Every structure is written in C-alpha cells, then in structure tokens.
C-alpha cells in the first residue's frame, strides 16, 4: 500500500513538473506583460506590449525571466500535485470522505470540506517552498529594476533585505492562494462528478463508468477549464498582491 502511494505521488510529481515547465515557457510573454501592467500602475496591456516591441531584441525581451518562471511553475506544480495527492490518499484510506459518485478518474472521492482543505494546504505549502523563486522572478521581470542576471537579482535582494526579502509578500500570497486553490479543487471535483454522471447516461450497458473511455479526458479537461475560470475570476482582486 505504501509502495503504491509512493509511486502515485511520484507520478504526480513528474507530471506536474513537466506540465508546469511547458506551460511556463509557452505563456511566459503573457505572464511578463501581466507583471509589467501590475507594477506600472497606469500602463495598459497595449502600451506594455508596445514597450516590449521597441526593445532591441524583441524575442529575448518577451521571454525575459523564463528560467525562474519555469522553475517556479514546474516545481510548484510538481510539489502541489504530489502533496495534494498524498493528502487525498491519506484521507481516503482513513475511511472518511468517500462516496459513490460517478468519476472519470481513479482518484479518491472525498467530501466537499476535504477537497477544500486539501487544495488550500497543498497550495500554501507549495507557495511557501517556492516563494524565493517567485520573488526573484517578479523582480527580474519588472521594469522597476534593471538586473542583468538572476544571480544579480538574488544578491541584491539578499544585500538590501536579507533572507526575509526572499519571502516578501508571503502573507498576501497565502491569503490569495489558499482559499481559492481550495475552491478550485472543490469546483473541479464537483464539475467532474456532475459531467461524469451526465455522460454515463449515454454509455452502453457494458460500460459502468466513463473512466477509461475517450470521454474521460474531455470531462477532466472541461472541468479544469471551468473551475480555473471561476478561480481566476474570484482571485482577480488579490492577484496584484
């Protein structure tokens, strides 16, 4: 049982790492623009885009800060998903929170409260561990600083603010991420269950659940998009923090 749990957590870690790094690299220009708009206070998305286009090396400017972003998002996702899986598996094996809802995956089905708390705890832990990389990433991307390299950014933070500088904004980040990460897991599981139940009405009598069918990926994908949209909308006021 312990070996199976360890293997499952390892798979979640590797999957989260790969997907996080890929996503960070692809979406880095948008993340950079978001940082510039938030820190400028008055600049619009379009004006920030024009400023980047006027740079001597447009491609390099758009992907400025990719390394810390990829490391932060990659290892953050890996740590988040492996921690979330470990918490959910532990609670499921304790005998509480299980149900008989239709599902498109083999993940344990837990209560709403457990989904909420597990998502919040996993995100807070991942955010704490990766906070130094987050601070370096934001400072390096910002046009308020002119760091020539990530090393210079880290050294300047250490010199000016000490070790505590690498955890600047941790409280605001936790306040933003913990409740909404919990809500994301809650909405995702609810949507996945509801869509799975709807899909099962169209299955033939030999197929008990949608798990293992082509519908499973579509259900999980749709649930993630809808839950992410709700998460992004709710977290919007606190995003600049």
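Just so it is clear, none of the values below were taken in a lab; they were calculated from the coordinates. Being a predicted model, the structure only gives us computed values, none of them experimental. Every residue, glycine among them, receives a Cβ derived from its backbone with ideal geometry; neighbour counts consider all protein chains shown.
Things to note:
- Taking 7 Å steps out from each Cα toward its Cβ at residue 159 and residue 194 produces label points 5.5 nm apart.
- This ranking places 123, 160 by how few other beta-carbon atoms lie within 10 Å of each, fewest first, which gives 160, 123.
- Rounded, prolate or oblate (a/c below 1.5 giving rounded, otherwise prolate when a/b exceeds b/c) for the range 126-186 by Cα gyration tensor: prolate
- Packing, taken as the mean count of other beta carbons within 10 Å per residue, orders the peptides 150-159, 68-77 from highest to lowest as 68-77, 150-159.
- Distance in nm between pseudo-label sites at residue 144 and residue 111 (7 Å out along the Cβ direction from Cα): 4.3 nm
- Sorting the segments 178-184, 61-67, 188-194 by their mean number of nearby beta carbons within 10 angstrom, highest to lowest, gives 178-184, 188-194, 61-67.
- Cβ-Cβ FRET estimate between residue 57 and residue 22, R0 fixed at 30 Å, reported to 0.05: 0.80
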